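*Asks:* Got a structure here, written out as structure tokens. Questions coming.
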Amino acid sequence: MSGPSSENSPDLLPIGAAARASGVKVPTIRFYEEIGLMPALPRTEGNRRLYDATHLRRLAFIRHARELGFEIEAIRTLLTLQDRPAQSCAAADEIASARLIDVRSRIAALKALEAELQRMVDGCAHGHVAQCRVIETLSDHGQCQFHHSHSEKLESI
């Protein structure tokens with residue numbers, strides 16, 4: 001169905017109900033429409049957009065892809081692939097593989113951060129701030145074993 005024909009159809013939902021049904025907030029649905037992830041729906045006589053089951057499935061797909069950390073352009077490509085099911089899935093595999101590499105890199109950065117924080121806590125004598133290993137390490141980055149390359153990866157999490 002390309003667009004709503006009747007505001008009274010039980011199979012068509014206004015944006016608020018579509019948001020509740022899909023788990024995607026109303027402003028986010030509007031944003032997805034603005035950037036072309038969702039089709040621009042024609043307005044009814046009452047100036048409302050109505051969403052059908054196909055739209056709800058597309059919203060759920062986008063929501064799930066975002067939950068898995070896919071960027072908007074990757075999702076756009078995945079949606080294009082979904083819309084043409086007869087083609088090779090190589091592009092989808094490539095996108096997922098790139099995301100997996102990114103996730104593994106972030107895990108490595110988090111593990112390095114965990115080790116540095118554990119080292120700081122383990123070095124704490126639980127005495128006075130003057131002897132506090134946590135304060136000392138934070139005051140002198142040269143004592144920190146956590147590398148800047150890891151911190152940049154963590155900032156994007």
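Each value in this text was obtained by applying a stated rule to the coordinates, not by laboratory testing. Keep in mind the model is a prediction, meaning the values are calculated, not measured. Neighbour counts are summed over all protein chains in view; Cβ atoms, including those assigned to glycine, are modelled from backbone coordinates with ideal geometry.
*Asks:* Among Arg99, Arg63, Arg106, which is closer than 30 Å to Ile135 by Cα and touching a residue at least 12 places away in the same chain (Cβ under 8 Å)?
*Replies:* The match here is Arg106.
*Asks:* Sort through Leu110, Leu100, Leu79 and tell me the only one that's surrounded by 12 or more Cβ atoms within 10 Å (Cβ to Cβ) and more than 27 Å from Ile29 (Cβ to Cβ).
*Replies:* Only one candidate passes the filter, namely Leu110.
*Asks:* Inspect all residues belonging to the range 15-28 and state whether any of them is under 15 Å from the mean Cα position of the chain (by Cα), surrounded by 15 or more Cβ atoms within 10 Å (Cβ to Cβ) and more than 30 Å from Val134 (Cβ to Cβ).
*Replies:* yes
*Asks:* Yes or no: Arg57 of a type in the set (Lys, Arg) and touching a residue at least 40 places away in the same chain (Cβ under 8 Å)?
*Replies:* The answer is no for Arg57.
*Asks:* Do the conditions hold for Gly16, that is, is it farther than 27 Å from Ser97 by Cβ and of a type outside the set (A, V, I, L, M)?
*Replies:* So Gly16 passes the test.
*Asks:* Something else: Can you report the number of residues in the range 50-73 which are over 18 Å from Gly23 (Cβ atoms) and buried (at least 18 other Cβ atoms within 10 Å of the Cβ)?
*Replies:* 1
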